[in-house]
1. For Cys139, Cys308, which order do you get if you count the other beta carbons within 10 Å of each Cβ and list the fewest first?
2. Label points 7 Å out from Cα along the Cβ direction at Arg179 and Phe6: separation in nm?
3. Calculate, for Met34 and Val140, the FRET efficiency according to 1/(1 + (r/R0)^6) with r their C-beta to C-beta distance and R0 30 Å; round to the nearest 0.05.
4. When Lys and Arg each count +1 and Asp and Glu each count -1, what net charge do the other residues less than 13 Å away from Glu145, Cβ to Cβ, add up to?
5. Fewest to most neighbouring Cβ within 10 Å: what's the order for Phe92, Phe15, Phe304, Phe6?
6. With Cβ to Cβ distances under 10 Å as the rule, what net charge do the other residues near Phe158 carry (K, R +1; D, E -1)?
7. Over the alpha-carbon set of segment 87-178, divide Rg by the Kirkwood Rh and report the Rg/Rh ratio to two decimals.
8. Kirkwood Rh, segment 66-133, all Cα pairs: how many Å?
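Each value in this text was obtained by applying a stated rule to the coordinates, not by laboratory testing. Predicted model only: the values in this text are computed from it and were never measured. Cβ coordinates were reconstructed from backbone atoms using ideal geometry, including for glycine residues, and neighbour counts include every protein chain displayed.
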Amino acid sequence: MTLGYFCAIGIAIVFMLYMDGQIGVMMLSFLLLMPVVSGIMTWLVRRSLTVTLELPDTGAKQKQVSAVIRVQKDTPLPLPFLRMQLTADPHFLPLNPNAAPLPEKPLEGAGGVLRYRAAMRKWNRIRRRQLTPDTLPLCVSMGIEREAEYRIALTPRFCGSGVVSLHDMRLGDFLAMLRLRVKQPDPQKLLITPEIPELKANSALFRSVSTAVAAADEETEATPNHSASAMPGYDHRDYIPGDSLKRINWKLSSKRRHLMVRQDEPIALARLSVVLDFRRSTVYMPDAVRLAQEEQLIETALGFLMLCAK
């Protein structure tokens, strides 16, 4: 637009000098006045412009949620062109699936310090210019209305805390000659709930854990009858012929000099502790692969706890 504008000014000057001076002066004055008026209007709108991003608190996997972009201004002046980019992290399906992904980030120390810095500068330039699958470019405009609302559909695919943000917000004038930065809203988070699988009591994992706990012989008389979760612990009674030998507490029996048997064998499950190990490997791994592995770990642990609670 800038090159075309200067060409139009040149044509107006030629018209004023060689054809009709009065009309040429009017054309030149109009062309010189237009960017001034456009810039002043854009600056006034920018002063009263507010952009907010809203997300629901929670969402389920594979069910669409809406990201609400609300644009407000305190003046009846029209909003020219507000350009921005909506970015969703890998917890969501790609917003722009047709875009090419970024090349892999250069590894530190590969080929020397100078080569690494040059590769990082090149990678950062590509990241600023290239649209990635998780970035959606937007351009909005408004008339005399004071408020407008835009909804963008998002589809969560991994459980966890998904982050959605607006960045690179610029307000351009009507002639596309001026670009002003606009204050970006704070990133918003969406808590994506996991899908708890239904495990059966006859599954190999549950049977192996139950057998290991039931066969443990480290229970003593000092063991509390209630666990931290207010569930009852082991109670003991005298041995009756026909009881399973696996239920005998040998350590307690040696102290009392007669056989003691655990009364409620399944209650030992109340003492189980499920630990989620989120120690991440230092080896580079795509975010989608890492989130898929963590999701599998979380959902399996929750399914096992649900089975224990039942």
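1. Exposure proxy ranking, most exposed first: Cys139, Cys308.
2. It is 1.8 nm.
3. My answer for the efficiency is 0.85.
4. 0
5. Phe6, Phe15, Phe304, Phe92
6. Charge balance in the 10 Å sphere: -1.
7. Rg/Rh: 1.08.
8. Hydrodynamic radius (Kirkwood, Cα only) of segment 66-133 equals 15.6 Å.
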